[in-house]
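Here the structure comes first, spelled out in structure tokens, and everything after it is commentary.
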Amino acid sequence: MALIGKIRKNSWILVVLIGIGLAGFIVMDMTSSSNLGGGVGNLTLGEVDGVKLDQQRFERAYSLVYANSGGNVYNQRDQLWNYFLEEALVKEEAENLGLSVSNTELASLEFGPNYSPVIMARFQNPQAPGQIDVNQLNQIKQLIDQGDLTTAIETGQLNPQFPAYWRYQREEIVKSRLQTKLNNMVSKAMYTPTWMAEMGFAEENHPVNFVYVKVPFDEIDNADVSLSDEDYSAFLKENESRYEVDEETRVLDYVVFNVAATAADSAKLQEDIEELVPKFAESTNDSAFVLSNQGLIDPRFVDRQAVSPVVADEVFLNMEVGEVYGPYLDGNSYKAVKLRDKVVMADSADSRHILLSATTPASFDEAEKRIDSLKLVLESGAASFDSLALKFSQDPGSSSNGGKYEATPPNQFVPEYNQVLFITGQLNRLYKVRTSYGWHLIEVLSRSSTTTERVKVAYLQKAIEPSKDTQNDVFQQASQFIGSNQSIDAVKESASAAGLAIESSLPLKANDYQVGSLGATEDARQMVKWAYTANAGKVSPSVYAFQDPIGYYDNKYVVATLASVQKAGLPSVETIKSEIEQQVMNKKKGEQLASALTGKTLGAVAAEYQTQVDSITGAKFSQSFLTGLGNEPKVVATAFNLEQGQLSAPIVGETGVYMIKTTLKPTLSAPNNLPQIRQTMSSQARAQVASRLVQGMVKNADVDDFRARFY
């Protein structure tokens, strides 16, 4: 019973804990390598070095981590999948090396003094940012040590998921710690040999000066260059590492049928607003009326700048309180506006208040009683407002200043406070006011002499959107288009005849969920899944629907075709030709220009192509970008391979063909601080281990990914 008492006294701690745990990336802990087996047959989501990843376990982890979190479900699944891979590989490697986390070490990571980064990120002290909330952790430790969690759960003091939550967090802490140990082992094994340190010194301390002339590729017109498949193949062969892909991809060509509101749709929406105007004017409960008719009510008093210029003159010059104007067209909506109130209001005011916070009915009742007592004390003169605000007010923004706010403009505070401050409150009187924050004791101290006319308004509004009939009509057009065009060539021909554009996706992998400009949606994902069941040249049997992100109506229908299939490895010329055409063109132009420039001087080249000889001073081999030159690694490399005064052969660079001449190349002095250079280079390399080690492990692992079967 003593334990239950402690739980009741500190239940807020556990509520916070559960909230943090379920909302954060508490992840994934159920995915330890020891628990990854058991998924068999069609329940296997994938395999990592022979270890099965079970789809049901994946779903339970997803439910724990992302339930009710919003966000893109496909992106979240990707993150969870990546964690599964990392955890399996980290634990496998740790087991092979004999690394583990003992119970004593785990306790230290959970409850101190050697806190895990997981704990440090999740249990921050709200009163001392950057510090661990030790009291909260001690409460949790006490509950776990006493082993009476079942009683706490049965009495409703603990969320039933708490035991599983903490187990999962322990797994996450273990994974984090093992990964740190692996990183440390690799980091401490790294060494910079003397030859590498000397090379690093030379790259940073052997600057050269050179002059150059550049002939842009544009000197040759594209029409004057003919490209063959052999040219494309040769380019791909030379750039194999750049274009080779690890897994199969597919490209979709698709036709978009946009859905737009018709004139009839617009007229109907206008009529709907018009029919509501008389009822809106007669309404005595504007909030309820607006809510039931998809309108908008503004509880504030606003000035002219806050009202649309389309209707501002009507509201401020022509309308009486209670009158409705409309319908009128404002942007992409038909609206009607009701003038609810109109006042001349001070532009600013000074006030002071005492706030007693409340969140539940009981706490509001208690706060009201205390506010009544404070009001009596102030009215009797037994205490000053400043002293009571400092002692009792729970508004951190003003309590230390005697509860005072100065030069406050209208609408900075909640509507109830604003009403007293600018409209109903008399100067130097106390007002007891309830708001969403709790109970306030407010005193209006002064108001500015400058004033502005302000209004309260409510709106009816209907966005101009396509009706269901219009959406159905466009859907039928797309469906008929599929029925009449059963090949990709027929689709292209019919789309061109109808003035419909054909869009192309980037190469899509089996688990991708975003297609071109269509975004990341369920139908985009279904398009990708269909692409991996079809043969090149096929047309999708279904029309795919995409919704407007604001109005949630179907704003486009899509007919997809499978343009190409690219197996893992180097792409074929056919599938990548359009992507690399300009690079191949530049290569061919570069060869022609280099041939034309061979044997000429810099001055002769500059004169012939109406360009100039430029210079670079203090270029270092380690620099990837030089001011004036840009990113031209071949040019920089050539400069360091020339002798002083030597003229280079033409160099085909990134944006043109260059010729250079080294004007200053001093003799490199011997390094006198080799140990420091070695230490610096080693430190730089070690700093990359944490981000690259696991990535390398994943890349080199034997991974079978079956997610596309399920999602």
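Only one entry of Val324, Val310 meets the criterion of being among the hydrophobic types (A, V, I, L, M, F, W, C), buried (at least 17 other Cβ atoms within 10 Å of the Cβ) and closer than 29 Å to Glu275 by Cβ, and that entry is Val324. Can you name every residue in the range 74-110 that is surrounded by 18 or more Cβ atoms within 10 Å (Cβ to Cβ) and more than 26 Å from Gly46 (Cβ to Cβ)? Result: Leu109, Glu110.
Yes or no, residue by residue, for (1) assigned by TED's automatic domain parsing to the domain that holds Ser100; (2) touching a Leu at 6+ places or on another chain (Cβ under 6 Å); (3) under 30 Å from Ala596 (Cβ atoms):
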{"position": "Thr155", "(1), (2), (3)": "yes, no, no"}
{"position": "Gln161", "(1), (2), (3)": "yes, no, no"}
{"position": "Ile173", "(1), (2), (3)": "yes, yes, no"}
{"position": "Thr192", "(1), (2), (3)": "no, no, no"}
{"position": "Ala197", "(1), (2), (3)": "no, yes, no"}
{"position": "Ala223", "(1), (2), (3)": "no, no, yes"}
{"position": "Ser233", "(1), (2), (3)": "no, no, yes"}
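Taken over the range 91-124, the residue count meeting the criterion of being aromatic (Phe, Trp, Tyr) and assigned to a helix (DSSP H, G or I) is 1.
If I filter the range 331-350 for residues that are among the polar types (S, T, N, Q), within 24 Å of Ile423 (Cβ to Cβ), part of a strand (DSSP E or B) and at pLDDT 95 or above, do I get at least one hit? Scanning the range 331-350, I find no residue that is among the polar types (S, T, N, Q), within 24 Å of Ile423 (Cβ to Cβ), part of a strand (DSSP E or B) and at pLDDT 95 or above, so the answer is no. The set of residues in the range 644-691 being part of a helix (DSSP H, G or I) and either surrounded by 13 or more Cβ atoms within 10 Å (Cβ to Cβ) or of a type in the set (A, V, I, L, M, F, W, C) (or both) consists of Leu674, Ile677, Arg678, Gln679, Thr680, Met681, Ser682, Ala685, Arg686, Val689, Ala690.
Which one of these is touching a residue at least 40 places away in the same chain (Cβ under 8 Å) and over 30 Å from Phe280 (Cβ atoms): Ala498, Ala531, Ala524? First the steps, then the outcome.
Details: Ala498 fails: touching a residue at least 40 places away in the same chain (Cβ under 8 Å); Ala524 fails: touching a residue at least 40 places away in the same chain (Cβ under 8 Å).
Only one candidate passes the filter, namely Ala531.
Filtering the range 543-576 to residues that are of a type in the set (Asp, Glu), surrounded by fewer than 18 Cβ atoms within 10 Å (Cβ to Cβ) and either more than 19 Å from Glu238 (Cα to Cα) or touching a residue at least 60 places away in the same chain (Cβ under 8 Å) (or both) leaves only Asp548. Given the structure, is Leu593 touching a Lys or Arg at 6+ places or on another chain (Cβ under 6 Å), of a type in the set (A, V, I, L, M) and modelled with pLDDT of 95 or more? Spelling it out, it is not the case that Leu593 is touching a Lys or Arg at 6+ places or on another chain (Cβ under 6 Å), of a type in the set (A, V, I, L, M) and modelled with pLDDT of 95 or more.
Being over 27 Å from Leu570 (Cα atoms) and assigned to a loop (DSSP other than H, G, I, E, B) is the filter here; which residues of the range 488-524 pass it?
Once the filter is applied, which keeps residues that are over 27 Å from Leu570 (Cα atoms) and assigned to a loop (DSSP other than H, G, I, E, B), the range 488-524 yields Gly499, Leu500, Ala501, Gly519, Thr521.
Of the set (1) closer than 30 Å to Pro216 by Cα; (2) of a type in the set (Lys, Arg); (3) surrounded by fewer than 16 Cβ atoms within 10 Å (Cβ to Cβ), all apply to Lys600 but (3). Considering Gln131, Gln139, the condition of being out of contact with any Gly (no Cβ under 7 Å at 6 or more places or on another chain) and in a helix (DSSP H, G or I) is satisfied by Gln139 alone. Just one of the listed residues (Asn318, Asn258, Asn285, Asn239) is under 39 Å from the mean Cα position of the chain (by Cα) and farther than 30 Å from Gly569 by Cα, namely Asn258. Scanning the range 587-642 for residues being under 30 Å from Gly200 (Cβ atoms) and part of a loop (DSSP other than H, G, I, E, B) gives a total of 12.
Just one of the listed residues (Phe217, Phe289) is touching a Phe, Trp or Tyr at 6+ places or on another chain (Cβ under 9 Å) and buried (at least 18 other Cβ atoms within 10 Å of the Cβ), and it is Phe289.
Screening Ala152 against (1) of a type in the set (Gly, Ala, Ser); (2) within 29 Å of the chain's Cα centre (by Cα); (3) assigned to a helix (DSSP H, G or I) leaves a single unmet condition, (2). Asp272 fulfils the conditions (1) touching a strand residue (DSSP E or B) at 6+ places or on another chain (Cβ under 7 Å); (2) under 30 Å from Gly519 (Cα atoms); (3) of a type in the set (Asp, Glu); (4) part of a helix (DSSP H, G or I) except for a single criterion, (2).
To keep it simple, each residue is scored yes or no on (1) surrounded by 20 or more Cβ atoms within 10 Å (Cβ to Cβ); (2) under 28 Å from the mean Cα position of the chain (by Cα).
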| residue | (1), (2) |
| --- | --- |
| Lys456 | no, no |
| Glu465 | yes, no |
| Ile482 | no, no |
| Ala490 | no, no |
| Glu493 | no, no |
| Leu506 | no, yes |
| Gln514 | no, yes |
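The values are calculated or read from the model by the stated rules, or taken from the named source; none is laboratory data. Worth saying up front: this structure is predicted, and the values here are computed from it rather than measured. All Cβ positions, even for glycine, are placed from backbone atoms using ideal geometry, and neighbour counts span all protein chains on display.
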